[in-house]
Amino acid sequence: MAESTLTSLPPGSEPPGAAEYERWLAERPPPDGGYLFAEAHVRFEARDEDRMACLPGLTCEPSAGGAVLRLRERNLSLEIPGGSARELSEFLALCDGEHTLSAAAFAARLDAGARASLLRAAFGVVLFTPAAVAELEAEVPSSELVRFPGSPYELDRNYWSNMVDVRRRLPELEAKLGDPLAAL
C-alpha cells in the first residue's frame, strides 16, 4: 500500500479530519483491479431503488448449501449459499424490470444474508438493473471511462456517478476560465 499522505506533510499542517480519513482508508481493503478496471468482475452495486431484471429462463432449485440458480441454455449454475429456493424463486419472479430490489426482496421475504449472497453471486451475471445503467450511460457512456472493453457492470457505480457529476459541472467551470479565482 502507498505511504500515507499525512506523513509527507509537516507536523501540525494536516487538514481537519485528515487523520480520521487516513484511519478510514487503513480499515478498507485495497481496491481490486486498480483504476484501469482491467479485470472483468462486477463492481457496480445494486441499490434498493433499482428496478431489477433477470435473464429469461433463470430457475432456482434447492441445493445442499442453500439454492442454485440455473440457466440451462447457457449451462450456467450459480450456488447461493444459505438461500431458500422458494424465496429466491419468488424474488426472481418479481425481477421483471418494474419491481425495485427492496420491493422484490420484501415480497419474497429474503433476509439480509440471503439477499447479500444472491447479489454477490448473481448480480451482473444473471440479475441486472438495466434502467440504472441506462441512466448513467445516457450521461457518460461507460466506454469513455475504461481502457478495456467490458460490461458496464464492471464499473464502480460511485465512480461512474461522480464522472456524471463532473461532466455536468464542466460548462460552469469553462465559463469561469477567464477568471482563475472564480474557476478555483
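Read-outs throughout are calculated quantities, based only on the coordinates presented, and are distinct from any laboratory measurement. The structure presented is a predicted model; accordingly, all values stated were derived computationally and were not measured. Backbone-built Cβ (ideal geometry, glycine too); neighbour counts: all protein chains shown.
Pairs of Cα atoms nearer than 8 Å and 6+ residues apart set the relative contact order; for the chain it is 24 percent.
Taking the chain as a whole, the Cys residues whose C-beta sits 4.7 Å or farther from every other Cys C-beta are 60.
Compared with the direct C-alpha span, the chain from residue 182 to residue 151 gains 7.3 nm at full extension, assuming 0.36 nm per residue. The residue 47 and residue 22 beta-carbon pair, evaluated with R₀ = 45 Å, returns a calculated FRET efficiency of approximately 0.95. Mean projected area of the Cα convex hull of the chain, taken over all directions, amounts to 14.8 nm².
A Förster radius of 25 Å, combined with the Cβ-Cβ distance separating residue 116 from residue 64, puts the computed FRET efficiency at roughly 0.80. Computed from label points 7 Å out along Cα-Cβ, the spacing between residue 167 and residue 72 is 4.2 nm.
Each peptide among 52-61, 172-181 gets the average number of other Cβ atoms lying within 10 Å of its residues, and from highest to lowest they stand as 52-61, 172-181.
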